[in-house]
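Trainee: Next up is a structure, given as structure tokens.
The values are calculated or read from the model by the stated rules, or taken from the named source; none is laboratory data. Computed from a prediction, not measured in an experiment: that's the story for all the values here. Here Cβ is always computed from backbone atoms with ideal geometry, including for glycine, and neighbour counts include all displayed protein chains. Remember, those area values only see protein heavy atoms, side chains included, never the ligands or the DNA or RNA. Shrake-Rupley method; radii C 1.70, N 1.55, O 1.52, S 1.80 Å.
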Amino acid sequence: MEPDRSAPAQAARSAPAHDPPDRPERAAHPERADRPERADRLDREPVDRASVKKSPVEEPPEPLYADEVLRQLQGLLGNGPISAGDMRVAGQNATGHGAMAVGTVNVGAVRDGRSARIWFETLTEGTVRELSDAYASTSSDQQLDRRLGQQHLVCLSGPPASGRFTSARLAAARRHGLARVCLLGGVKQPGDLLASDITIPGGYGYVLRLDDAGVRDVDGSTLMGLATRAENLDMTIVLVGDFSRRRSELAGYLVEHRPAAAAEVFGAQLRSALSNRCVGECGNDCDGGCLDGYVEECATHPELHAYLTSEPRPEDLAPLVEDIALRVPRGASLRARLARLLPRHQREWAAQILDVEETVEGWSAEQIRAFRVACAVLAGRPVAEIRQAAWALIEQVTPAPVTAQAPTPAPAAGAETGGGPPVGGTRMRGAVLDNLLGVALRRAVRIEDGWTAGGTRIAFQAANEQLRSVLLEVAWTDWWLPEQLLDWLAGLARAEVPETRQLAAAALGWSAGRDVGAALATVGGLAAEPRAAVRQAAAVAVVAMAVQPALGHRVRAELDRWAGGSAAHLRDTVARAYELGLARLWPDAALVHLWWVAQARMQRWHNSVVRGLVEVHVGGQPGLLLTTLVDWTRSDDPEVRLHAARTLRVLAERWAPPPREHWPELLGLAAQDVVGMADLATLWATALSLPETAYRSWRTLGWWLSGADGQPEVAGRCLDLLRLVITGRPSLRHRLDHQLHHVWRPVMPRNSLLDDVRRLIDEEQR
């Protein structure tokens, strides 16, 4: 009976992006069960028993994925978007080669030569209009418009988070139109744009955001060259950065950004968020006049007015505007919302929560305080875990046995010795739990009191997630020594419960913003642990540090040391950090560090290097990744070549999203010139040749041919790829002939594409 040819393609489309897939059942694939090489059995996780004898591999930790880690970190480190490399993702906007939001962005990549990393993104008219609607005009806008009308290159200078980037984009829109605004990315040095192989469309307004290093690299010669090129292409370029130290040198090109007052920014954002909504009691006769009155009521509120007078950054106003627009509070309700949202009140609120004076049924003030801090760290976990964590903190800060005001019951038979939480026999529910939380904290959390596994849980309400980090900061500065809190968090990161480890690791990453040296030393101890689960927690902590921009340089230096050293566990932790999302934040660093880590033979029994490389692809850098992997295939180190082949095999399992779901993702990217067909062929040839990856790679190639049958465009690209793979490689041509006759033909007799493959082989044999 002939198997269903669509099954392989469906299986490939549903294969997870992170894991090298386990060898499927033989009957499910459109080829006979070729005898696999023994080494291929090692190329999967969990590890085969045969491989354990060759390498001291411990029990693998619970699976954890980058999306999950980054989403979890937003709760503790802030609710704003987490930057990923040179691309920003917020809400339903998507940036990258596989952007899913319809009509959101168009992205092109410059593919040739040394500038292959450079990309440009065309903003949609709707996106630019939304920016304009929520924008508060500044006194420097007219000067910027006048300069762009006179010359084709302008440097817009201002401090970060001052609104300079939005100002530049809207200036480009006023000059060229709402649909002709482009962002440039991947530019390490502005001079890269002068390369002869750069081809970007003319007639657009381009905005390039420069970091401090990019600002330092700008010189007069570069500016003149860029200005000339922009003029020849009838486009404009706005370089955005902090040029305050280069005023005298760049005077002819420089415009100083003067941000609007915070009150004006707040008003503009709130009007935009509430547009087309009635915020009064107008009924069907609303003409929009109630909106101005409501914005005025909010802006003149004494608490908010005092906050706006302190001139907070525009990005700090965004969550405040979002919350007010969602609820449209008035009077006492507005006052209550502001008390929770304004930073000063958050600090006072947290101090009130931790300044415990009362006792509760055997809990001392210190124990209650520890319980409340544990709630901030382990938000969403069962009360029993939070109670154990609180007792661990008490033991950490008080080495001598702690005597509660009420005697602690003796542990039950079989319970762990060495201390336990106070009043261990009391049910942590109802009034007892409310008293432990206190009135101030109780209104910030929600108690999920059900009969599900794990029992009662404590989680922070969405609007009060920010309070978690503020509570930690108050605990850090007012109540306990940093080393005590770090040791406590490190102990939680060694716990048996995966969720506890991950939440503690996120808090460790947060602590680096207060003392990066001490936090890195603590995480370094976890990274050197023999337990893979603890190293995974250390990797989460590293990602939590990396999403804080001010820590980037220090964390990168530490990862350089770990990845370049000889300690196998430290190198493995580096790979795990990139696997869990760091590769999306730092794609260039990922490719360097993972190359160092890939040389360690320990990684032959782990998949973190491959998953980290896949995350570079998922993060929007497929061209850069494939170019780098081609270099890996030429390495003298067999381990490096093996990881390049493994990565290709995993990426080959991915299929493009609708409406191109009939395309293998890599082949579709090659058809769009996002990746090079020659690079793809080189990687396929390596994966099909290495004994460790050949078996599964030939099976995956069969999936491609099965899915391409009846799809002329896909079939043509498959043939082009096969021609490049076998040209000059007689051994692969013979193996392809073997696969065609003995594997694919018997199970795909009606696949017309195999006739074309036959002709291709005959042509190469002549």
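Trainee: Starting from segment 515-543, keep only residues that are modelled with pLDDT of 90 or more, then list their pairs with residues that are small (Gly, Ala, Ser) and surrounded by fewer than 19 Cβ atoms within 10 Å (Cβ to Cβ) whose Cβ atoms are within a distance under 7 Å, requiring at least 6 positions of separation or different chains.
Mentor: Short answer, once both residue conditions are applied: none.
Trainee: Moving on. Identify all residues within segment 157-192 that are in contact with a strand residue (DSSP E or B) (Cβ under 9 Å, 6 or more places away or on another chain), small (Gly, Ala, Ser) and assigned to a helix (DSSP H, G or I); write none if there are none.
Mentor: Selection gives SER167, ALA168, ALA171, ALA172, ALA173.
Trainee: Here's a follow-up. Any residue in segment 712-730 that is among the hydroxyl-bearing types (Ser, Thr, Tyr) sitting within a Cβ distance under 7 Å of a residue that is modelled with pLDDT under 90? List the pairs, counting only those 6 or more apart or interchain.
Mentor: THR727/GLU764
Trainee: Conditions first: (1) surrounded by 23 or more Cβ atoms within 10 Å (Cβ to Cβ); (2) part of a helix (DSSP H, G or I). GLY620 passes all but one, so which condition is the exception?
Mentor: (2)
To keep it simple, each residue is scored yes or no on (1) at pLDDT 80 or above; (2) at positive phi; (3) open to solvent by less than 20 Å² (accessible area, probe 1.4 Å).
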residue: ALA390; (1), (2), (3): yes, no, yes
residue: VAL423; (1), (2), (3): no, yes, yes
residue: THR426; (1), (2), (3): no, no, no
residue: GLY430; (1), (2), (3): no, yes, no
residue: ARG442; (1), (2), (3): yes, no, no
residue: THR452; (1), (2), (3): no, no, no
residue: ARG468; (1), (2), (3): yes, no, yes
residue: GLU473; (1), (2), (3): yes, no, no
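Trainee: Do the conditions hold for ALA575, that is, is it of a type outside the set (Ser, Thr, Tyr), outside any loop (DSSP other than H, G, I, E, B) and in contact with a Ser or Thr (Cβ under 6 Å, 6 or more places away or on another chain)?
Mentor: Details: of a type outside the set (Ser, Thr, Tyr): yes; outside any loop (DSSP other than H, G, I, E, B): yes; in contact with a Ser or Thr (Cβ under 6 Å, 6 or more places away or on another chain): yes.
The answer is yes for ALA575.
Trainee: Cβ contacts < 8 Å: first residue open to solvent by 30 Å² or more (accessible area, probe 1.4 Å), restricted to segment 739-766; second residue small (Gly, Ala, Ser) and modelled with pLDDT of 85 or more, any location; separation 6+ or different chain. Result?
Mentor: ASP756/ALA715
Trainee: Is there a residue in segment 653-666 that is within 26 Å of ARG699 (Cβ to Cβ), open to solvent by less than 10 Å² (accessible area, probe 1.4 Å) and in a helix (DSSP H, G or I)?
Mentor: Yes, because at least one residue in segment 653-666 is within 26 Å of ARG699 (Cβ to Cβ), open to solvent by less than 10 Å² (accessible area, probe 1.4 Å) and in a helix (DSSP H, G or I).
Trainee: If you don't mind, another one. Just the residues that are at pLDDT 85 or above and open to solvent by 40 Å² or more (accessible area, probe 1.4 Å), please, taken from segment 230-275.
Mentor: GLU231, ASN232, LEU233, ASP234, ASP242, GLU256, ARG258
Trainee: Sticking with this structure for a sec: Any residue in segment 631-648 that is in contact with a His (Cβ under 8 Å, 6 or more places away or on another chain), part of a helix (DSSP H, G or I) and free of Cβ contacts under 8 Å to residues at least 60 places away in the same chain?
Mentor: Step one: of segment 631-648, the residues in contact with a His (Cβ under 8 Å, 6 or more places away or on another chain) are 632.
Within this subset, residues satisfying the condition of being part of a helix (DSSP H, G or I) are 632.
With free of Cβ contacts under 8 Å to residues at least 60 places away in the same chain added as a condition, the list becomes 632.
Yes, there is a match, as at least one residue in segment 631-648 is in contact with a His (Cβ under 8 Å, 6 or more places away or on another chain), part of a helix (DSSP H, G or I) and free of Cβ contacts under 8 Å to residues at least 60 places away in the same chain.
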